[in-house]
Ligand code: GLC
C-alpha cells in the first residue's frame, strides 16, 4: 500500500491517459514539422538526414575500426563482419574526463586520435589501412556520410571550437597532427543509426533504433518522398533514408510545459545546456538520478519519508549540496529490490546518506518515488516510439533498443510496452529487440554499406 500523503505529493509525475494522447499529438506534429522544409527551422524535433539509405543484408564482410563518443565512455573498436549476420568485436574503453568534456575541442580530438593510435598499436593493425566508422552521438547536420556539422553539444559536453564545425574534419586533422596513422574515415553516424543498423543486421524487419542511456533519441526509416530536406539526387535510386530525429529536444518551444514539474525545471536550470533537450531531461540516465535527488530532498523536508531518523536537516543538506550523488543506476537497484528485506536499498541509503536501520515503510516509499519517475520516463519514450511506428505503418515493425537505462532498469521495458499498447495502431504488430553493440557493429555496417555504394 502506498502512503496517501506521499501519493498526493507524487501526483504531478503521473501522466493521465488524456495527457498521454495529447503528448502523442504534439510529438507527431513536431516530427512532421521537422521533416518539412518550410517548418524545419522552428521544429523542436529536427529530423536530420543521415545519408544512410540501405539497411544491411547480413552478408557484409571485412574488418573495420569504429569510434564511439557520446555515451558513458569513449570506446575504440575493431569489428570484423563475417557474413551470415555475424560480427566479432574487440573493444577498449578510454576515459574522457570532465576537463576534456568541457575543454577545447582540439584537446578532445587529439585525445581521440591518441586512443585510436594506442588501440591500433596494441592490435597490431598499423599496416592494414582499415576503414573507420565514427559514432558521434550528438545532433549534427550531415552534409553526406563523411561530413557532419555539430549543431550543439548535449549530455554534459561543451568543448569550444566544435559547434557548427565538421567533426569528420576535426577527426582527420587530429589524426594528421600525429602523422603516424593511416585511417580512412568512411562514415559519421549517430548511435541511434548504429543501433538501427545493428538490429537490422540480425533482423531485416527492424525500422527504428532507440537509445535510452545517458541521452535519449531515435532514428527511423523514412520514405524519401517524405524527406523534404533530402536533395533530389538521393531520391532517384533509393526508396528510403534513415532519419535521426533528435527527439531529445522536444519541448524546447513549450510543448511539454503541461507535464513538466518544478523538479524538471530545476534539473534544466542546473544543466550545462539550459533550455535544451527538455524531453531528454525527463527520460535519460544523465538526469533521472538528479530528479530523484531533488524529489527525495523535498519529500524529507515535508516530513513524508525518513521522519523517524530525526536527521531531516542533515539529510536534506547532503542531498541539496551534492548534485549527481543519486546515480541513475541506484534507481534500477532500488526498483529491483525485494520487500521486505530491501538489501540493496539499505546499502544505498547507508552509503549515500549514512542512514542505518531504515524502516521497511521508508524503503518502500523510496521505491515508490523511483517508480513514479522512471514510469513517467518510459511513458514519454512510448509516445515517441509509438509515433514513429504508426508513421512507418507497416504491419510488423521491429524496434531496436539500447542504452543503460533500458538495459539495467528492471521494469522500464514493461512500463514502456504498457504505454505503447495505448498508442500504437492496433493493426500494427510491434516487437522491441535489445540491440547488440550498435555503436560498434552499426558503425562498421554503415562503413560497409557506404563502401559498397
Ligand atoms: C543525445 C544526443 C543524440 C544521441 C542521444 C543518445 O540526445 O543529442 O545525438 O543519439 O543523446 O545518446
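Which residues, counting only those in segment 178-198, are assigned to a helix (DSSP H, G or I) and within 15 Å of the ligand (Cβ to nearest atom)?
Hits for segment 178-198 are 191, 192, 193, 194, 195, 196, 197, 198.
Between a first residue in segment 202-217 that is over 15 Å from residue 287 (Cα atoms) and a second residue that is near the ligand (Cβ under 6 Å from one of its atoms), which pairs have beta carbons less than 7 Å apart while being 6 or more apart in sequence or on different chains?
Within 7 Å, the pairs are 209/192; 210/192.
Just checking, how many residues over segment 412-430 are free of Cβ contacts under 8 Å to residues at least 60 places away in the same chain and either surrounded by 15 or more Cβ atoms within 10 Å (Cβ to Cβ) or under 19 Å from the mean Cα position of the chain (by Cα) (or both)?
The qualifying residues number 9.
Within the bounds of segment 79-86, is there any residue that is touching a residue at least 24 places away in the same chain (Cβ under 8 Å), buried (at least 18 other Cβ atoms within 10 Å of the Cβ) and more than 16 Å from the ligand (Cβ to nearest atom)?
yes
Test residue 274 against the criterion of being surrounded by fewer than 24 Cβ atoms within 10 Å (Cβ to Cβ) and more than 16 Å from the ligand (Cβ to nearest atom), and give yes or no.
Values: surrounded by fewer than 24 Cβ atoms within 10 Å (Cβ to Cβ): yes; more than 16 Å from the ligand (Cβ to nearest atom): no.
Here the answer is no, as residue 274 does not meet what is asked.
Among the residues of segment 237-250 satisfying the criterion of being surrounded by fewer than 24 Cβ atoms within 10 Å (Cβ to Cβ) and closer than 18 Å to residue 143 by Cα, which is nearest to the ligand (Cβ to nearest atom)?
241
Write out, first by first residue and then by second, each pair whose Cβ atoms fall under 7 Å of each other, whose residues are 6+ apart or on separate chains, and whose first residue, in segment 125-138, is under 14 Å from residue 447 (Cβ atoms) while the second is modelled with pLDDT under 90 and within 13 Å of the ligand (Cβ to nearest atom).
Listed by first residue and then by second, the contacts come to 135/439.
One line per residue, one yes/no per condition, for (1) surrounded by 15 or more Cβ atoms within 10 Å (Cβ to Cβ); (2) within 23 Å of residue 43 (Cα to Cα):
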| residue | (1), (2) |
| --- | --- |
| 165 | no, yes |
| 168 | yes, no |
| 199 | yes, no |
| 233 | no, no |
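Would you mind stating whether residue 227 is more than 16 Å from the ligand (Cβ to nearest atom), modelled with pLDDT of 95 or more, surrounded by 17 or more Cβ atoms within 10 Å (Cβ to Cβ) and over 23 Å from residue 37 (Cα atoms)?
Criteria not met by residue 227.
Suppose we filter segment 116-142 for residues that are assigned to a helix (DSSP H, G or I) and buried (at least 20 other Cβ atoms within 10 Å of the Cβ); how many remain?
3
Name the residues in segment 380-407 that are within 16 Å of the ligand (Cβ to nearest atom), crowded, with 24+ Cβ neighbours inside 10 Å and farther than 22 Å from residue 204 by Cβ, would you?
Of everything in segment 380-407, those that are within 16 Å of the ligand (Cβ to nearest atom), crowded, with 24+ Cβ neighbours inside 10 Å and farther than 22 Å from residue 204 by Cβ turn out to be 380, 381, 383, 384, 403, 405.
Restricting the search to segment 63-72, which residues are more than 16 Å from the ligand (Cβ to nearest atom) and touching a helix residue (DSSP H, G or I) at 6+ places or on another chain (Cβ under 6 Å)?
Pass one, segment 63-72, residues more than 16 Å from the ligand (Cβ to nearest atom): 63-65.
Passing the criteria: only 64.
For segment 94-113, indicate whether the set of residues that are surrounded by 15 or more Cβ atoms within 10 Å (Cβ to Cβ), in contact with a strand residue (DSSP E or B) (Cβ under 7 Å, 6 or more places away or on another chain) and assigned to a strand (DSSP E or B) is non-empty.
So far as segment 94-113 goes, yes, one or more of its residues are surrounded by 15 or more Cβ atoms within 10 Å (Cβ to Cβ), in contact with a strand residue (DSSP E or B) (Cβ under 7 Å, 6 or more places away or on another chain) and assigned to a strand (DSSP E or B).
All but one of (1) within 16 Å of residue 75 (Cα to Cα); (2) within 16 Å of the ligand (Cβ to nearest atom) hold for residue 123; state the number of the condition that does not hold.
Among (1) within 16 Å of residue 75 (Cα to Cα); (2) within 16 Å of the ligand (Cβ to nearest atom), residue 123 violates only (2).
Taking segment 343-358, which residues are surrounded by 15 or more Cβ atoms within 10 Å (Cβ to Cβ) and not in a helix (DSSP H, G or I)?
Residues satisfying the conditions are 355, 358.
Pick out the one residue from 280, 290, 257 that is within 11 Å of the ligand (Cβ to nearest atom) and at pLDDT 95 or above.
280
The values are calculated or read from the model by the stated rules, or taken from the named source; none is laboratory data. In this text the structure is predicted, and so the values were computed from the model without any measurement. Counting neighbours? That spans all protein chains shown, and the Cβs are built from the backbone with ideal geometry, glycine included.
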